[in-house]
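Here is the structure we will look at.
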Amino acid sequence: MEARQDWLDRRRAGIGASDAASVIGLSPYRSNVQLWREKTGREAGKDISGLPYVQYGIQAEEHLRNLFALDYPQYSVKYTPYEIIKNSEHPFILATLDGELLDGERHGVLEIKTSTILNPAQWQQWKGRIPDHYYAQVCHQLLATGYEFSVLKAQLKYGDGASVRHYFFEREAMADDLVYLLNAELDFWKYVTDDVEPPLVLPAI
């Protein structure tokens, strides 16, 4: 418990992967202004750790990581709890990974998601793609680590069934998106350090 609290405290000193979508107006849960208020100490972030779906995701993560290692033996999978990786040039860009992957000489990120699908619109967000706020998270993790690729493993529950899907991302193919997110995070963090409220960012239509 102390290790988790220390980790939470250290995350407040920068932008984590779960913050990235808020920075660019893609989070369904929190605006960039709400995030700024948290980072400047004006508000406490909402604690959702006790919610059943969050607890399920936490407890399922280890099993899904082990299944990934069994299904994809070409990757070496490493996991270090509560480790925070920082961007070498911009140390406020932080990431804690669900897993680190090694494929020969190439380093990658393993991200694990669990989600319950309640309607057809939610299925569409996973059809050949991942939800936008998760994509922002993947981009942020590559910014923080400097790694070459990422794999997102998703367990999608629906009714009495479940579907497991894997999404593969190459850093080279994401270059423009990485530059966009980096610039947005640099701008956002300046608002934090200058203690000036940023203009509200709305999602592009």
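Quick look at the numbers
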item	result
Candidate set from the range 72-107 (those that are touching a Lys or Arg at 6+ places or on another chain (Cβ under 9 Å) and among the charged types (D, E, K, R)); member that is farthest from W36 (Cα to Cα)	E100
Residues being part of a helix (DSSP H, G or I) and either more than 11 Å from S163 (Cβ to Cβ) or touching a residue at least 40 places away in the same chain (Cβ under 8 Å) (or both) - total across the range 120-134	7
The range 188-205: number of residues that are within 27 Å of F149 (Cβ to Cβ) and modelled with pLDDT of 95 or more	2
Residue ID - surrounded by the most Cβ atoms within 10 Å (Cβ to Cβ), chosen from residues in the range 47-61 that are in contact (Cβ under 8 Å) with a residue 12 or more places away in the chain and not hydrophobic (A, V, I, L, M, F, W, C)	E61
All positions within the range 173-199 that are without any contact (Cβ under 8 Å) to a residue 12 or more places away in the chain and either within 17 Å of L152 (Cβ to Cβ) or in contact with an Asp or Glu (Cβ under 9 Å, 6 or more places away or on another chain) (or both)	A173
Residue that is nearest to V77 (Cα to Cα), among those in the range 149-162 that are over 16 Å from the mean Cα position of the chain (by Cα) and either surrounded by 13 or more Cβ atoms within 10 Å (Cβ to Cβ) or at pLDDT 95 or above (or both)	L156
Leading residue by the ranking (surrounded by the most Cβ atoms within 10 Å (Cβ to Cβ)) among those in the range 5-20 that are at pLDDT 95 or above and not in a helix (DSSP H, G or I)	I15
Flag if L202 is out of contact with any Asp or Glu (no Cβ under 7 Å at 6 or more places or on another chain) and surrounded by 14 or more Cβ atoms within 10 Å (Cβ to Cβ)	no
Test result for A136, surrounded by 13 or more Cβ atoms within 10 Å (Cβ to Cβ), touching a strand residue (DSSP E or B) at 6+ places or on another chain (Cβ under 6 Å), small (G, A, S) and under 23 Å from W36 (Cα atoms)	no
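The values are calculated or read from the model by the stated rules, or taken from the named source; none is laboratory data. The structure displayed is predicted, hence computed values, not measured ones. Cβ coordinates were reconstructed from backbone atoms using ideal geometry, including for glycine residues, and neighbour counts include every protein chain displayed.
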